[in-house]
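Note sheet for the following structure.
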Amino acid sequence: MADRLSLPVPGGRRAHVVGAGSFGTAVAVLLVRAGLRTTLLARTEEQARRLAAERENTTYLPGVELPRELRIEPVSAGLARADLVFLGVPSRGLDQVIGELAIDRALPARAAVVSLAKGLVPPDGIAPTALLTSAFGAERVAVIGGPAHAQEMVKEGAGLVAASASEALAASLAQVFTRAGVVCERSNDPVGVELAGAAKNAAALAAGATEAQGLNAAGAAAGHIFAEVWRYAEGLGGRPESLIGLAGTGDLVATALAPQSRNRRAGELLAAGVPAAEIPQRIGQAVEALDLVPLLARALERAGIEAPVTSGLARLIAGELPLDGWISLVRTTVPPPPARWRPPAGLFRRMWRRVRGWFTRA
């Protein structure tokens, strides 16, 4: 089916970006630079008119001029003739958006759908690409991951990952972003890339909630989260390299160093005693990790994954665990040992096999 998709070429294909937040707007700017005829779909008619008049998203991406070639319309305008549809909306509303894509927005039958989210879909904590795949088929679905702070991405570049079960779709997306001046690797592990992004958001929140107690504690909190999600990803067929590459640890380092990181700042506010419900208003934008972590904790529990730190962070968000209890949990948690001890790799693996053979013969 991949060869039947309308894959984008410079100046010859249409892309629609649903959602005019910081990242959705930044992606739309890059798509124009790559030569795609791009439409940015804003949430309301009023927002669309303002963006079109000002040619700048002063609320979410100030200081970045919107190219004159970028069309801006309300989401009610639909998706007619779109070849690529990028979903720059929070994961919590993705199920509703998918229903609207298929029915109200008239998604073309051959269009590919690309998730930009780094969260899970309520109420069951489903990965966005799993939901998209059930609606549109794996060959039409992809996800973008990696360290990509919106402001820096449009001005200096980023390190993206385009992941899809379709090699042709992943390659096409990588080519689009490369033409826009952004490094983009391709992957056939959408589950791993998606959960890497989720782990990054949760780990950044955990580190922010722990940083005042010391860098060792913050590092331990983030490390525990990654280890717990890693075990979950493996059970779903995700690969470790997705979590330790650009989409996982690369993205986490970028978030940890960014003074404007929403997820880390949300963790700091949690530690300061600010209720989770008030944090998005304090920050001025949605904080995906606050919705993500409780969903992630439930998903890990259903999968039988021992995840005391992720579940503890969910309780901290809910106000059920005091800060000192959270800190104690982070400092005293010992990860479970591996299910079985693996022999070391390379030369040591061969030596191990030889030694084991001696004992077997004896």
Which of the residues spanning the range 214-263 are touching a residue at least 24 places away in the same chain (Cβ under 8 Å), outside any helix (DSSP H, G or I) and over 18 Å from Leu195 (Cβ atoms)? Ala258, Gln260, Ser261
Assuming Pro322 fulfils every condition listed in (1) closer than 21 Å to Arg262 by Cα; (2) at pLDDT 95 or above; (3) open to solvent by 20 Å² or more (accessible area, probe 1.4 Å) apart from one, which condition is it? (1)
Evaluation of Ile144 against (1) out of contact with any Leu (no Cβ under 6 Å at 6 or more places or on another chain); (2) within 30 Å of Thr59 (Cβ to Cβ); (3) in a strand (DSSP E or B) (one fails), failing number: (1)
Within the range 28-43, can one find any residue that is farther than 27 Å from Ala203 by Cα, open to solvent by 30 Å² or more (accessible area, probe 1.4 Å) and not in a loop (DSSP other than H, G, I, E, B)? yes
Taking the conditions exactly as written (part of a loop (DSSP other than H, G, I, E, B) and touching a Pro at 6+ places or on another chain (Cβ under 7 Å)), does Ala117 satisfy them or not? yes
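Yes/no matrix, rows are residues, columns are (1) aromatic (Phe, Trp, Tyr); (2) assigned to a helix (DSSP H, G or I); (3) without any contact (Cβ under 8 Å) to a residue 60 or more places away in the chain; (4) open to solvent by 10 Å² or more (accessible area, probe 1.4 Å):
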{"site": "Ile279", "(1), (2), (3), (4)": "no, yes, yes, no"}
{"site": "Ala289", "(1), (2), (3), (4)": "no, yes, no, no"}
{"site": "Ser311", "(1), (2), (3), (4)": "no, yes, yes, yes"}
{"site": "Arg315", "(1), (2), (3), (4)": "no, yes, yes, yes"}
{"site": "Trp326", "(1), (2), (3), (4)": "yes, yes, no, no"}
Ala202, sole failed condition from (1) open to solvent by 10 Å² or more (accessible area, probe 1.4 Å); (2) part of a helix (DSSP H, G or I); (3) modelled with pLDDT of 95 or more: (1)
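Which residue out of Pro335, Pro275 is farther than 19 Å from Phe23 by Cβ, at pLDDT 95 or above and surrounded by fewer than 17 Cβ atoms within 10 Å (Cβ to Cβ)?
Criteria check complete, one pass: Pro275.
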Of all the residues that make up the range 66-83, how many are open to solvent by less than 10 Å² (accessible area, probe 1.4 Å) and in contact with a helix residue (DSSP H, G or I) (Cβ under 8 Å, 6 or more places away or on another chain)? 3
Tally of residues being touching a strand residue (DSSP E or B) at 6+ places or on another chain (Cβ under 8 Å), over 20 Å from Ala15 (Cα atoms) and of a type in the set (A, V, I, L, M) across the range 112-129: 2
Just need a number here: residues in the range 59-94 that are closer than 15 Å to Ala42 by Cβ and among the polar types (S, T, N, Q). 2
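So that you can scan it fast, the table gives a plain yes or no per residue for (1) surrounded by fewer than 22 Cβ atoms within 10 Å (Cβ to Cβ); (2) assigned to a loop (DSSP other than H, G, I, E, B):
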{"position": "Glu152", "(1), (2)": "yes, no"}
{"position": "Gly157", "(1), (2)": "yes, yes"}
{"position": "Val161", "(1), (2)": "no, no"}
{"position": "Ser172", "(1), (2)": "no, no"}
{"position": "Glu185", "(1), (2)": "yes, no"}
{"position": "Gly192", "(1), (2)": "no, no"}
{"position": "Gly208", "(1), (2)": "no, no"}
{"position": "Ala212", "(1), (2)": "yes, no"}
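The values are calculated or read from the model by the stated rules, or taken from the named source; none is laboratory data. None of these values were measured; they are calculated from a predicted model. FYI the Cβ positions are ideal-geometry reconstructions off the backbone, even for glycines, and counts take in every protein chain you see. These area figures cover heavy atoms from the full protein model, side chains too; ligands, DNA and RNA do not enter into them. Shrake-Rupley method; radii C 1.70, N 1.55, O 1.52, S 1.80 Å.
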